[in-house]
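Participant: Dumping the structure here so I can ask a few things about it.
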Amino acid sequence: MYKLLLVEDDNSLGYLLSEYLGMKDFAVTWAKDAAEAIVKTKTNVFDLAILDVMLPDMDGFELSQKIKGVNPELPFIFLTARSLKIDVLKGFSMGAVDYLKKPIDEEELVVRINALLSRLVQDQEEEEHVSRYEIGDYVLNMDNFDLSYKGQPIKLTGKEFDLLALLAKNKNQLCTHKEILTTVWDKNDYFNKKSLNVFVSHLRKHLGKDPKLSIVNVSRRGFMLRIEE
């Protein structure tokens, strides 16, 4: 469920939008002024902010910059009754991903939010996509789903590949039991935790040809793929 910050000082419109977006399966936090919005961005994580331009204590343009100071990655949409082209251009120059003029059409707002979030997620996935991980003398190919040692392929099961990919992505960092189980098995329970130990043992054998590599068991916490330089 996406989390939205709605900043709107008009009680009627704020209530209407928060209720409507809630019915569309968004988790909405409604702030009625800039000061409250800034506090909420410091204490919550949001996927998108919807900012009214005309606020009682600070205009939405200034608020957007304050929010960027707290969370520079948070995208935002401006809502405004002003239709001057210069205001629209100013909004986009501030980093807005969209700009809607009042009166707001709730259905259009939802369509735009879904389109924006879908595009942002896709952009993030493309940016984060890694085609291969070099693990000492091994190469984990993310596109072909295989592991090789100095050019020689090593057969992995699906779960072995997913587990090694997670460890490689976080090499030299702890991956907790919960993170591994929910990512690889989609469920954090006792039986999968027992299976995890077996899969780690298999990976240790697969990676045994390179003495610089080890999968370390951090007691009661998780595992770490350690690569000695």
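Read-outs throughout are calculated quantities, based only on the coordinates presented, and are distinct from any laboratory measurement. What you see is a predicted model; the values in this text were computed from it and never measured. Quick reminder, even Gly has a Cβ in these numbers, built from the backbone with ideal geometry, and neighbours come from all protein chains shown.
Participant: Rounded to the nearest 0.05, what FRET efficiency do A115 and A35 have when you use their Cβ-Cβ distance and R0 = 30 Å?
Facilitator: Efficiency, rounded to the nearest 0.05: 0.45.
Participant: Please list, in order along the range 8-16, the HN-Hα scalar couplings obtained from phi with the Karplus expression 6.51 cos²θ - 1.76 cosθ + 1.60 (θ = phi - 60°), rounded to whole Hz, x for Gly and Pro.
Facilitator: Per residue, the Karplus-derived 3J(HN,Hα) values read 8, 8, 7, 4, 5, 5, x, 5, 4 Hz.
Participant: Over the alpha carbons of the range 96-229, what is the largest minus smallest coordinate on each principal axis, giving the biggest first in Å?
Facilitator: 65, 36, 26
Participant: With each run of n ≥ 4 DSSP H residues scored as -39500 (n - 2.57), what mean residue ellipticity at 222 nm is computed for the chain after dividing by its residue count and rounding to the nearest 500 deg cm²/dmol?
Facilitator: -13500 deg cm²/dmol
Participant: Per residue of the range 167-180, what does 6.51 cos²θ - 1.76 cosθ + 1.60 with θ = phi - 60° give for ³J(HN,Hα)? Whole Hz please, x for Gly and Pro, Karplus curve as stated.
Facilitator: The phi angles translate into 5, 5, 4, 10, 4, 6, 10, 5, 10, 5, 4, 4, 4, 5 Hz.
Participant: Can you match Cα extents along the principal axes in Å to one of these, [x] 67, 36, 30; [y] 52, 36, 35; [z] 74, 42, 31, based on a calculation from the structure here?
Facilitator: It is the value labelled [x].
Participant: For the range 139-192, what mean projected area does the convex hull of the alpha carbons give, in nm²?
Facilitator: The number I arrive at for the range 139-192 is 4.2 nm².
Participant: Next question. How much length is gained if the chain between D146 and S219 is pulled fully straight, taking 0.36 nm per residue apart and subtracting their Cα-Cα distance, in nm to one decimal?
Facilitator: Extending this stretch completely gives an extra 23.3 nm.
Participant: Under a 10 Å cutoff between Cα atoms, tell me which one of L117, L166, L21 has the largest fluctuation in the Gaussian network model of the chain.
Facilitator: Among L117, L166, L21, the largest GNM mean-square fluctuation belongs to L166.
Participant: How large is the convex hull of the C-alpha atoms of the range 4-124 per residue, in Å³?
Facilitator: Hull volume over Cα atoms, normalised by residue count, gives 98 Å³.
Participant: Spelling out what I want: for every residue of the range 25-38, take phi, set θ = phi - 60°, compute 6.51 cos²θ - 1.76 cosθ + 1.60 (Karplus), and round to whole Hz; glycine and proline get x.
Facilitator: 6, 9, 8, 10, 10, 9, 10, 9, 7, 5, 4, 5, 5, 5
Participant: Take the residue pairs K3/K90; K159/K212; K178/K212; K40/K102; K68/K187; K66/K187 and return only those whose Cα atoms are more than 28 Å apart.
Facilitator: The answer is K68/K187; K66/K187.
Participant: Further question on the same structure: Between Q65 and M23, what's the calculated FRET efficiency when r is the beta-carbon distance and R0 is 30 Å? Round to 0.05.
Facilitator: Efficiency for this residue pair is about 0.40.
Participant: Please give the length that would be gained between S12 and E73 if that part of the chain were fully extended, namely 0.36 nm times their separation in residues minus their C-alpha to C-alpha distance (nm, one decimal).
Facilitator: Fully extending the segment from S12 to E73 adds 19.0 nm.
Participant: Where the only charges are on Cβ atoms (+1 Lys, Arg; -1 Asp, Glu), what is the dipole of the chain about its Cα centre, to the nearest 20 debye?
Facilitator: 1360
Participant: Given H placed on each backbone N at 1.01 Å, which residues far from R132 in sequence or on other chains put an amide H within less than 5 Å of it?
Facilitator: HN-HN under 5 Å from R132: M142.
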